[in-house]
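Trainee: Let me begin by handing over the structure; questions about it come next.
What follows draws every value from the coordinates through simple rules; no lab data is involved. Here the structure is a predicted model, which means the values were calculated and not measured. As a convention, Cβ positions derive from the backbone with ideal geometry for all residues, glycine included, and neighbour counts pool all protein chains shown.
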Amino acid sequence: MAETHQDSGGGDFDLTQFYQIFFEEAGENLDLMETMLLNLNLETADDEELNGIFRCAHSVKGGAATFGFADVAELTHQMESLLDRLRRHELQPNSAMVDVLLESADASRSLLARHQAGGEGVALPTSDLVRRISELAAGGGGAAAVAKPVAKTAASVQTARVPLKEGVRSLEIRIGPLEHPEQADAIRELFRDIPGLGEIVVMPSDRKDLRIFDVKTVSSNADLLDLFAFHVSRDFIAIKEIEEAEVVVGPGTQAVSSNFADDPQPGAPLAAFPGFGFFDGSPGAPVTAVSAVGAGVDAKVAAKAAPKAGAAGPAAQPEAATIRVAISKVDQLINLVGELVITQAMLAQNSRALDPALYQQLLTGLADLDRNTRDLQESVMSIRMIPMSIVFSRFPRMLRDLASKLGKKVDFVTQGEATELDKGLVEKITDPLTHLVRNSCDHGVEMPAERLAAGKSETGTITLSASHQGGSIVIEVRDDGRGMSREKILSKARERGIDVSDQMSDADVWQLIFAPGFSTAAVVTDVSGRGVGMDVVKRNIAALNGTVEIDSAEGYGMKVSVRLPLTLAIMDGMSVGAGDEVYILPLSSVVESFQVKADAVSTVGQGAQLIKVRDEYMPVIELEKVFQIPRGNSQKSSDIMVVVEADGSRVALLVDELLGQQQVVVKNLESNYRKVPNVSGATILGDGKVALILDTGALVRRSRH
Amino acid sequence: MGVMEKMDELTSSGAREYLTFRLDQEEYGIDILKVQEIRGYERPTRVANAPNFIKGVVNLRGTIVPIVDMRLKFNCSKAEYSSFTVVIILNLRSRIVGIVVDSVSDVMELPPESLKPAPDIDSVIDSGAVLGLGSIGERMLILLDIERLMSASDMGLIGASE
């Protein structure tokens with residue numbers, strides 16, 4: 001019974017948060033897949049297109065498996081198998097395949113919508129689709145093609161053929177005569193937008209101004225009428241119940257039943273929204289309403305409608321709590337607020353000379369403006385930034401399930417969860433990271449017995465870490481598993497006709513696994529092994545201007561480092577002054593700072609300067625020299641040392657003064673200019689001026705030469 | 001011939017509008033469609049290791065934009081910065097660049113037939129970047145292919161890797 005799932009989301013609130021992300025992603029992937037399928041030219045389908053469609057199915061499957069939506073995972077797994085054979089050119093794509101894939105995408109969508117609504121309602125049976133896909137994948141196709149006369153209606157025919165579950169009613173809804181029949185089409189969108197409402201299929205109509213829909217739903221007629229009334233006047237709606245499992249074919253049913261339409265049941269709307277309680281105690285209160293509805297509608301249905309509507313409350317919350325907005329709009333907002341802050345600073349500057357006694361009101365206003373602008377800026381900035389923990393916390397559950405499925409023992413360690421990352425980046429690295437973690441668990445970590453035999457502890461460790469490094473964000477996935485085998489990769493590459501030689505460097509060999517369809521796994525599972533993972537990882541990360549590096553030692557484990565540029569990442573910075581100029585140091589690389597006396601610096605070979613900090617000698621870099629900072633006649637001189645650390649080495653930077661710490665938004669210097677040595681980016685200071693952000697990694701490397 | 005036809009003929013013959021500006025005694029014109037906006041000069045943030053004509057970068061509503069002083073690039077005798085100094089913000093393909101000029105004069109429409117090819121002359125300007133010479137009464141207008149000029153490697157605006 002559906003009611004038992006009613007509060008399934010309530011106990012695990014955190015997870016539902018990630019569900020939401022998954023649902024959004026999956027929806028996008030399915031949409032993309034549909035577009036690509038529709039554009040697919042069967043005769044000339046190229047690898048790129050087929051790979052693209054395959055990747056969509058793969059991503060949906062991966063997510064669904066992660067969150068335990070077995071029905072979606074199963075269906076997409078089948079789709080993936082078919083697509084995999086297509087992209088390997090083992091099968092020639094035909095329209096039957098496209099049809100069944102489109103249908104499967106629709107089915108996946110409806111299954112996802114059901115999960116999103118908290119598991120309410122009746123799952124769309126997929127066994128028929130699964131069977132047809134596997135027939136096609138096996139090389140058949142004739143029978144499946146005959147099974148569906150029209151792709152659009154096939155889904156309804158198929159669902160109608162199986163007996164409807166309890167509580168679901170099959171309705172024929174006629175809408176019209178309308179002056180603008182397009183209005184009725186909006187009703188179809190209702191079914192798409194409201195999870196758990198049911199399904200709607202357009203039936204052929206004999207009149208232009210009349211629309212006929214075949215609807216399967218658990219909602220009561222009154223509920224439907226209420227909903228439809230947003231788009232079409234009630235007077236034009238006629239709902240008629242169809243016998244269960246009856247397949248409605250073609251136009252012809254002339255009898256327009258007006259029973260339900262003309263008989264609005266006063267109790268029914270209340271039954272649908274028992275949570276409001278406005279009418280508690282008044283006649284027709286929820287409890288009585290249910291039985292009152294029974295007069296017009298089957299009591300069983302009304303009883304169903306109530307819990308369904310009750311579930312709509314919690315299910316609707318996550319939807320209402322977030323809105324999806326184009327990143328460009330947020331960027332525009334950030335830039336505008338930046339301008340506002342500058343204008344505000346200018347006003348504050350100009351009003352400083354005013355006499356507080358005479359301009360009290362104005363000054364109070366300006367003070368308010370100051371505070372509001374700052375709050376606004378902070379809020380706007382925080383829209384984009386989210387900590388890595390959001391991504392990381394997706395994995396423990398996934399790994400647990402995965403490990404138990406594979407019979408492995410895995411510890412999961414995360415580091416640097418607080419590292420804040422631009423939302424755009426977070427969204428885009430989630431998928432690649434999922435693939436990497438999955439790979440580590442599936443291919444990297446060995447079975448417990450194997451580990452013991454190799455002299456390792458039974459439990460493997462997968463470490464996920466994030467940090468700011470040298471002007472980039474580095475996310476590492478490490479495991480202490482079996483590592484990669486050079487020989488295996490080389491032989492697999494030869495098998496696939498890739499030109500390789502035994503003399504290739506390790507790094508070059510590891511790069512081979514990024515080739516599309518490259519996998520050394522012996523068995524294709526629904527976890528990984530199709531070799532699609534690394535292909536997707538590389539592609540997604542390259543799209544972010546990032547790089548992927550692999551380090552592996554056979555028998556000891558593997559490390560995949562994803563390096564992403566800081567574009568728009570917020571950074572804690574320390575501003576330092578030299579001459580009249582201001583530079584920003586990433587606070588994460590600053591170790592300490594202190595004042596030096598002129599004689600504390602010693603030289604080596606008449607050039608390199610060193611300073612002794614406690615027991616350590618470190619090279620001195622004069623900011624003034626590196627950046628050729630002009631010296632006016634000012635009295636200032638550099639006597640502050642800031643010790644910075646990068647790539648494991650330390651240098652002492654000689655600056656004039658320390659100006660303070662602040663959060664800065666890293667701006668890309670290269671979008672309109674070019675790369676500047678020793679600079680990782682730029683930022684805009686409170687006064688609207690641009691300050692350059694030092695690349696501590698480059699400065700440290702510079703000191704080595 | 002009606003006015004509309006005349007207009008049509010003008011557009012189809014490729015008459016274009018040019019923004020003209022002064023550098024010292026010389027007058028230059030650039031395609032108005034490349035101009036995003038015109039601003040007053042504000043002191044940019046100096047960027048180390050850049051040629052002298054790149055004054056640095058400024059914040060243009062959240063975007064970091066490099067500023068090129070055309071007077072230094074074209075070896076003008078003097079380059080002063082006052083409250084009248086003007087920066088023309090150009091939108092070239094996907095890049096935004098600001099150029100410093102002495103003043104902006106006018107927007108004018110020139111039919112292609114009024115353009116004369118520039119003779120081969122020895123100049124600091126790459127001859128390929130001069131579209132031609134136009135005349136407005138007695139004055140000579142040097143029409144620049146600003147996009148070509150700005151993307152030339154000696155401008156140092158674009159990294160070697162790009």
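Trainee: Using a Förster distance of 22 Å, how high is the FRET efficiency between A:Asp368 and A:Gln662, based on the Cβ-Cβ distance and rounded to 0.05? If you can, show how the numbers build up before the last one.
Mentor: Numbers: r = 23 Å, r/R0 = 1.03.
That pair, A:Asp368 with A:Gln662, gives E of 0.45.
Trainee: Out of all DSSP beta bridges in the stretch A:389-565, what portion is antiparallel? Express it as a percent rounded to 5. Intermediate values should be presented prior to the final figure.
Mentor: Details: 23 of 29 bridges.
Within the stretch A:389-565, antiparallel bridges account for around 80 percent of the total.
Trainee: Which entries in A:Lys329/B:Lys55; B:Lys55/B:Lys78; A:Lys488/A:Lys559 show an alpha-carbon gap greater than 23 Å? Don't skip to the end; give the middle numbers.
Mentor: Working: A:Lys329/B:Lys55 31 Å; B:Lys55/B:Lys78 15 Å; A:Lys488/A:Lys559 18 Å.
Beyond 23 Å between Cα atoms: A:Lys329/B:Lys55.
Trainee: Would you mind pulling out the separation of the Cα centroids of the stretch A:456-507 and the stretch A:660-705, in Å?
Mentor: When both Cα centres are located, 32 Å separates them.
Trainee: Please figure out what share of the DSSP beta bridges in chain B is antiparallel and state it in percent, rounded to the nearest 5.
Mentor: Working: 39 of 45 bridges.
Antiparallel bridges: around 85 percent, rounded to the nearest 5.
Trainee: Hey, rough spin-label estimate for B:Asp106 and A:Glu495, points 7 angstrom out along Cα→Cβ, what's it come to in nanometres?
Mentor: It works out to 7.6 nm between the two label points.
Trainee: Would you tell me the mean number of C-beta atoms belonging to other protein chains that fall within 10 Å of each C-beta in A:665-671, as a whole number? Could you put the intermediate results ahead of the total?
Mentor: Working: counts 1, 0, 5, 2, 4, 5, 6.
Mean number of neighbouring Cβ atoms from other chains: 3.
Trainee: Another one. Expected output is a single nm value to one decimal: the length gained when fully extending between A:Leu406 and A:Ala138, i.e. 0.36 nm times separation in residues minus the C-alpha distance. What is it? Kindly include the intermediate steps, with their values, before the conclusion.
Mentor: On the way: separation 268, 0.36 × 268 = 96.48 nm, distance 2.69 nm.
Going from the current span to full extension adds 93.8 nm.
Trainee: Moving to a separate point now. What are the ³J(HN,Hα) couplings of the stretch B:51-56, residue after residue, when phi is run through the Karplus curve with 6.51, -1.76, 1.60 and θ = phi - 60°? Round to Hz, x for glycine and proline.
Mentor: x, 4, 6, 8, 6, x
Trainee: Using alpha carbons only, how many angstrom separate the centre of the stretch A:423-448 from the centre of the stretch B:27-87?
Mentor: 47
Trainee: Another question, if that's okay. How much length is gained on full extension from A:Arg614 to A:Leu347, taking 0.36 nm per residue of separation minus their Cα-Cα distance? Intermediate values should be presented prior to the final figure.
Mentor: On the way: separation 267, 0.36 × 267 = 96.12 nm, distance 4.77 nm.
Full extension of this stretch gives 91.4 nm more.
Trainee: Each residue of the stretch A:448-463 in turn: what ³J(HN,Hα) in whole Hz from Karplus with 6.51, -1.76, 1.60 and θ = phi - 60°, glycine and Pro shown as x?
Mentor: So the J values, rounded to whole Hz, are x, 5, 4, 5, 4, 5, 7, x, 9, 5, 4, 8, x, 10, 10, 10.
Trainee: Between A:Ala507 and A:Leu336, how high is the FRET efficiency from 1/(1 + (r/R0)^6) when r is the Cβ-Cβ distance and R₀ = 45 Å? Nearest 0.05. Numbers along the way, then the final one.
Mentor: Working: r = 45 Å, r/R0 = 1.00.
It comes out at approximately 0.50.
Trainee: Which ³J(HN,Hα) values in Hz, rounded to whole numbers, follow from the phi angles of the stretch A:20-32 under the Karplus curve 6.51 cos²θ - 1.76 cosθ + 1.60, where θ = phi - 60° and Gly and Pro get x?
Mentor: Couplings: 4, 4, 4, 4, 5, 5, 4, x, 4, 4, 5, 4, 4 Hz.
Trainee: Between A:Ala321 and A:Glu28, how many nm apart are label points set 7 Å from Cα along the C-beta direction?
Mentor: Going from the A:Ala321 label point to the A:Glu28 one covers 2.0 nm.
Trainee: How many nm is it between the label spots at B:Asp122 and B:Gln25, if each spot is 7 Å from the Cα in line with the beta carbon?
Mentor: Each label point is offset 7 Å from its Cα along the Cβ direction, giving 2.0 nm.
Trainee: Another question, then. In percent, what relative contact order does the stretch A:649-705 have, based on Cα pairs under 8 Å that are 6 or more apart in sequence? Don't skip to the answer; put the middle values down first.
Mentor: Details: 51 pairs, mean separation 16.9, N = 57.
Result for the stretch A:649-705 is 30 percent.
Trainee: Shifting gears a bit: Roughly how crowded by other chains is peptide A:689-697, in terms of the mean Cβ count from those chains within 10 Å of each of its Cβ atoms?
Mentor: On the way: counts 7, 11, 3, 7, 0, 0, 0, 0, 0.
Mean shielding count: 3.
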